[in-house]
Amino acid sequence: MQIRTRFNRWLAAIAGSVLLSASLGLPVAQAGMIGTHVVVEQELLQQQRDTLKQFMAREEIREQLIAWGVAPEAAQARVDSLSPAEVAQMSARMQELPAGGDVVGAVVFVFLVLLVTDILGFTDLFPFVRSIHDNE
């Protein structure tokens, strides 16, 4: 009987150690309320990003990007990586353009945004652009 009691204590100590060590590595979950304005901002950002993607998917835009030596897939990837402020700026600029009118102006605007991001070293789309980080 004494052997069984010692075995049970020993087994309980091992089981307790295993449970304690397993619980120390678990992350603590925290819940909080998400404000309506956060959800609305995220939805608006996604809508603006989708609008830019649809614009970039237009045939005349794709042809112009190819003429400039930019792969349309690379431009689409750049739209995905734009910050919320850049997406809002490009979306606002596109809203100012007349519907179906100034396609060239919109293409030039997109080109300039991509050119600036190339110069700043965020992307490497244009082979003829040297980044400011190339001189370091």
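The values are calculated or read from the model by the stated rules, or taken from the named source; none is laboratory data. Small disclaimer: the values here were computed from a predicted structure and weren't measured. Here the Cβ positions follow ideal geometry from the backbone for every residue, glycine too, while neighbour counts run over all protein chains shown.
Which residues, counting only those in region 43-66, are of a type outside the set (Asp, Glu), closer than 14 Å to Val110 by Cα and assigned to a helix (DSSP H, G or I)? Of everything in region 43-66, those that are of a type outside the set (Asp, Glu), closer than 14 Å to Val110 by Cα and assigned to a helix (DSSP H, G or I) turn out to be Arg49, Thr51, Leu52, Lys53, Gln54, Phe55, Met56, Ile61, Arg62, Gln64, Leu65, Ile66.
Scan region 93-100 and give yes if some residue there is modelled with pLDDT of 75 or more and either under 29 Å from Glu43 (Cβ atoms) or in a loop (DSSP other than H, G, I, E, B) (or both), otherwise no. Checked region 93-100: at least one residue is modelled with pLDDT of 75 or more and either under 29 Å from Glu43 (Cβ atoms) or in a loop (DSSP other than H, G, I, E, B) (or both).
The residues in region 48-86 that are touching a Leu at 6+ places or on another chain (Cβ under 6 Å) and more than 17 Å from Leu125 (Cα to Cα) can be counted, and the count is 1. Among the residues of region 31-54, are any of a type outside the set (Phe, Trp, Tyr), farther than 30 Å from Ser91 by Cβ and free of Cβ contacts under 8 Å to residues at least 12 places away in the same chain? Looking for residues that are of a type outside the set (Phe, Trp, Tyr), farther than 30 Å from Ser91 by Cβ and free of Cβ contacts under 8 Å to residues at least 12 places away in the same chain, one finds at least one in region 31-54, hence yes. For region 18-36, state whether one or more residues are closer than 30 Å to Val113 by Cα, loosely packed, with under 10 Cβ neighbours inside 10 Å and either within 26 Å of the chain's Cα centre (by Cα) or of a type outside the set (D, E, K, R) (or both). Taking every residue of region 18-36 in turn, none turns out to be closer than 30 Å to Val113 by Cα, loosely packed, with under 10 Cβ neighbours inside 10 Å and either within 26 Å of the chain's Cα centre (by Cα) or of a type outside the set (D, E, K, R) (or both).
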